[in-house]
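Novice: To start, I am sharing the structure in question, which I have written as structure tokens.
The values are calculated or read from the model by the stated rules, or taken from the named source; none is laboratory data. Everything numeric here is computed off the predicted structure, so don't read it as measured data. Using ideal geometry, Cβ is built from the backbone for each residue, glycine included, and neighbour counts are taken over all protein chains shown. These area figures cover heavy atoms from the full protein model, side chains too; ligands, DNA and RNA do not enter into them. Shrake-Rupley method; radii C 1.70, N 1.55, O 1.52, S 1.80 Å.
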Amino acid sequence: KIKNKKIGRVELLDDKIAKISKKHKIPEDDARQIVKNNIDFYKLVEKYKKIDTKFLAQILTSMPKEIKKRYNLECNPLDHESVLKKLNSGLITKEAVLEIFVLLTQGKKVNFSKFKPFNDKDIKKVVEKIVKKNKGAPIGALMGMAMQELRGKCDGKKVMEIIKKLSN
């Protein structure tokens, strides 16, 4: 004889995918990959509150594929959670994450201070120098030169903002 026991509702995979996609505003393909790999996305979002959920999803789904394609390396970002911790703390920029994962997957020691974000004042100095040196250059060219020098150390949007102000 079976006693009255509550049986929990089993959540279908498609429902789980839709729920993650909708709640965190991430593409359904990323949500599907996260569910397929049995990643507790809710726990990671809670643990790394300062990392944009779309970017976190990219780190978990797209980056390993890109690293495999470009470098022929197998990378599991969750094997390198120190990178997520540093990103969450603002000690590295999101632009540096892929490069850092590649270095770690290659077994190399990473000097994280190399990826420390520039502050606004430092960015402005670099951009001013480039704009001054290349007067009359199109904004796209200035952006390219600036990002070549600042790559991985700041947000591209910030650089473009400063270039637009200085080139007016």
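Novice: Go through the range 48-94 and give me each residue that's open to solvent by 90 Å² or more (accessible area, probe 1.4 Å), modelled with pLDDT of 95 or more and closer than 20 Å to K114 by Cα.
Specialist: Matches in the range 48-94: K85 only.
Novice: Can you name the number of the only condition in (1) touching a residue at least 40 places away in the same chain (Cβ under 8 Å); (2) part of a loop (DSSP other than H, G, I, E, B); (3) of a type in the set (A, V, I, L, M) that V110 fails?
Specialist: Tallying (1) touching a residue at least 40 places away in the same chain (Cβ under 8 Å); (2) part of a loop (DSSP other than H, G, I, E, B); (3) of a type in the set (A, V, I, L, M), V110 fails exactly one: (1).
Novice: Assess whether K124 counts as being surrounded by 15 or more Cβ atoms within 10 Å (Cβ to Cβ), in a helix (DSSP H, G or I) and more than 20 Å from the chain's Cα centre (by Cα).
Specialist: Working: surrounded by 15 or more Cβ atoms within 10 Å (Cβ to Cβ): yes; in a helix (DSSP H, G or I): yes; more than 20 Å from the chain's Cα centre (by Cα): yes.
Criteria met by K124.
Novice: List every residue pair whose Cβ atoms lie under 9 Å apart, where the two residues are 6 or more positions apart in sequence or sit on different chains, the first residue falls within the range 85-101 and is without any contact (Cβ under 8 Å) to a residue 60 or more places away in the chain, and the second residue, located anywhere, is of a type in the set (S, T, N, Q) and open to solvent by less than 30 Å² (accessible area, probe 1.4 Å).
Specialist: Matching pairs, first to second residue: L87/T93.
Novice: What's the number of the only condition in (1) at positive phi; (2) open to solvent by 80 Å² or more (accessible area, probe 1.4 Å); (3) touching a residue at least 12 places away in the same chain (Cβ under 8 Å) that G152 fails to meet?
Specialist: For G152, the exception is condition (2).
Novice: Please work out which one of (1) modelled with pLDDT under 95; (2) more than 24 Å from K157 (Cα to Cα) is the condition L104 fails and give its number.
Specialist: All conditions are met except number (1).
Novice: Going through K3, K43 one at a time, which residue ends up being charged (D, E, K, R) and either open to solvent by less than 100 Å² (accessible area, probe 1.4 Å) or modelled with pLDDT of 95 or more (or both)? Break it down stepwise before answering.
Specialist: On the way: K3 fails: either open to solvent by less than 100 Å² (accessible area, probe 1.4 Å) or modelled with pLDDT of 95 or more (or both).
Among K3, K43, only K43 is charged (D, E, K, R) and either open to solvent by less than 100 Å² (accessible area, probe 1.4 Å) or modelled with pLDDT of 95 or more (or both).
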